[in-house]
Amino acid sequence: MERTPVGIILNGVTGRMGYRQHLVRSLLAIRDQGGVPARDGSRIWPELTLVGRDAGRLAEIAERHGLSAYTCDLDAALADDANQIYFDAQVTAQREKAIRAAIEAGKHVYTEKPLAEDFLASLELARLAAAKGVRNGVVQDKLFLPGLRKLKRLVDGGFFGRILSVRGEFGYWVFEGDWQDAQRPSWNYRAEDGGGITLDMFPHWHYVLEQIIAPVTAVTAVTATHIPERVDENGARYRPTADDAAYGIFELAGGVVAQINSSWAVRVHRDELVEFQVDGTHGSAVAGLRDCRIQHRGATPMPVWNPDLPVTEPFRAQWQTVPDNGEHDNAFKVQWEAFLRHVVDDEPFPWDFLAGARGVQLAEAGLRSAREGRRVRIEEIPR
Ligand SMILES: NC(=O)c1ccc[n+]([C@@H]2O[C@H](COP(=O)([O-])OP(=O)(O)OC[C@H]3O[C@@H](n4cnc5c(N)ncnc54)[C@H](O)[C@@H]3O)[C@@H](O)[C@H]2O)c1
């Protein structure tokens, strides 16, 4: 079958996200399946150039996967007309500079979240991309996860009646790095390197709430740095300067109240690493990454508060599992396919830089709320 090659620069490909989710699980998987169907009957075919700081590690990854193009010179990759898309999975603090260069070079840009370290910089990237007329997108992977797709289906099908509230619980224990290795890179715990759980997770909560429930109109947050000392990748002790937990209350349009706890200092007593409970007048749901369970108003038990008696109801057993009703591919891959169709066939792609900027706006508002001890209203961004 005829191929429509699309040159993609992958920057940050030695990192956790860049390698596993974007290179292996998305772009190489797309090649393995023979590309993405284009409107003209051909297959969109990613041609990859790996970019990073360490030529040896890039060469090793390239060889492992039968690729040939890699370089430590981003400018040279950007100067090559065969490359149409720039993708960024670098540490957050390095992102803005690289994306500016890519836009300047006229490349379409797709990037990991957060789009930039602050709201103004994110807005400026959105403005620059629009002015240059390049396609742009930000990873919003949670929307494509089976559990959240099922939740969206329930909302679209009117299952909840009037939605009242959302309760989200995200987190797990990230080891301190002394007696067991930390399972997240140390930059996550340094504010000066773009770290912090608020900047990391509020952009996710923003699009999950906005696109599945309702737009966020205000935030009240308390943040904490619960673990005062950690040990980095080189065995050196350091003092975290960024928040490792954020406790947020999000007010949504239509009066819905969402509370989401995000923490890297919590032990999991849940079925999944993130779960959202949505309560509505007609029914409730608990959605995780993969599964979603529901309880309809007609099947709602009538608990009576009496601490003198043992629990009378098997509460968890009273929920029903929502069926898959379809195939659910890797979330990052599904969004990559949409971005490639956006570039090649002009298919709609609503998860653009402006959407990404709104995520950073919420993170910044959350941090301000915590710093100033007050509720912060979210201003609408005019298009
Ligand atoms: N969508 C998601 O669910 C999700 C999950 C985790 C991380 N992320 C985002 O992905 C990005 C990368 O996170 P990660 O966990 O893969 O990080 P990582 O530390 O594993 O990888 C970072 C990458 O950036 C490169 N890099 C470039 N300049 C650097 C510098 N000056 N210092 C350190 N590394 C540098 C590294 O070589 C590496 O390839 C972050 O922006 C993060 O917010 C997204």
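The values are calculated or read from the model by the stated rules, or taken from the named source; none is laboratory data. Quantities reported herein were computed from a predicted structural model and do not represent experimental measurements. Backbone-built Cβ (ideal geometry, glycine too); neighbour counts: all protein chains shown. Surface accessibility is based on the protein's heavy atoms, side chains included, excluding ligands, DNA and RNA. Shrake-Rupley method; radii C 1.70, N 1.55, O 1.52, S 1.80 Å.
When 1/r is averaged over all different Cα pairs and the result inverted, which Kirkwood radius in Å belongs to the chain?
By the Kirkwood definition, the hydrodynamic radius is 22.2 Å.
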- Query: For the range 168-193 and the range 263-340, what is the separation of their C-alpha centers, rounded to whole Å?
  - Reply: 26 Å
- Note on the structure: Quick tally, 1.4 Å probe accessible area for R162, R375, sorted with the most first, runs R162, R375
- Binning at 5 Å from 0, report for the range 69-162 what percent of all alpha-carbon pair distances ends up in each bin. 3, 12, 20, 19, 13, 10, 9, 7, 4, 2, 1
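Could you order K97, K113 by accessible surface area, starting with the largest, using a probe radius of 1.4 Å?
Final ranking, largest accessible area leading: K97, K113.
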- Note on the structure: A 1.4 Å probe over the protein heavy atoms gives the chain a carbon and sulfur accessible-area percentage of 50 percent
- Message: Rolling a 1.4 angstrom probe over the protein chains, ignoring ligands and nucleic acids, what is the accessible area of H65 in square angstrom, nearest 10?
- Response: 50 Å²
- Query: Cα to Cα, under 20 Å, and not fewer than 8 places away if on the same chain: which lysines meet these conditions relative to K107?
  - Reply: K97, K132
- Probe 1.4 Å, all protein chains in place: accessible area of I99 in Å², nearest 10? 0 Å²
- Item | Convex hull of the range 182-337 built on C-alpha atoms - directionally averaged projected area, nm² | 13.5 nm²
- Query: If each of E347 and T217 carries a label point 7 Å out from its Cα toward its Cβ, how far apart are those two points in nm?
  - Reply: 3.5 nm
- Note on the structure: For K150, the lysines lying under 20 Å Cα to Cα, once residues fewer than eight places off in the same chain are dropped, come out as K142, K333
- Query: Just how large is the dipole of the chain about the Cα centre, in debye to the nearest 20, putting +1 at every Lys and Arg Cβ and -1 at every Asp and Glu Cβ?
  - Reply: 720 debye
- Quote the accessible area belonging to Y19 in square angstrom, nearest 10, computed with a 1.4 Å probe and with ligands, DNA and RNA left uncounted. 50 Å²
- Query: When Lys and Arg each count +1 and Asp and Glu each count -1, what net charge do the other residues less than 15 Å away from L58, Cβ to Cβ, add up to?
  - Reply: -1
- Angle in degrees between helix 119-132 and the longest Cα principal axis of the chain, rounded to the nearest 10: 50 degrees
- Task: At a 1.4 Å probe radius, which order do L128, L199 fall into by accessible area, largest first?
- Result: L128, L199
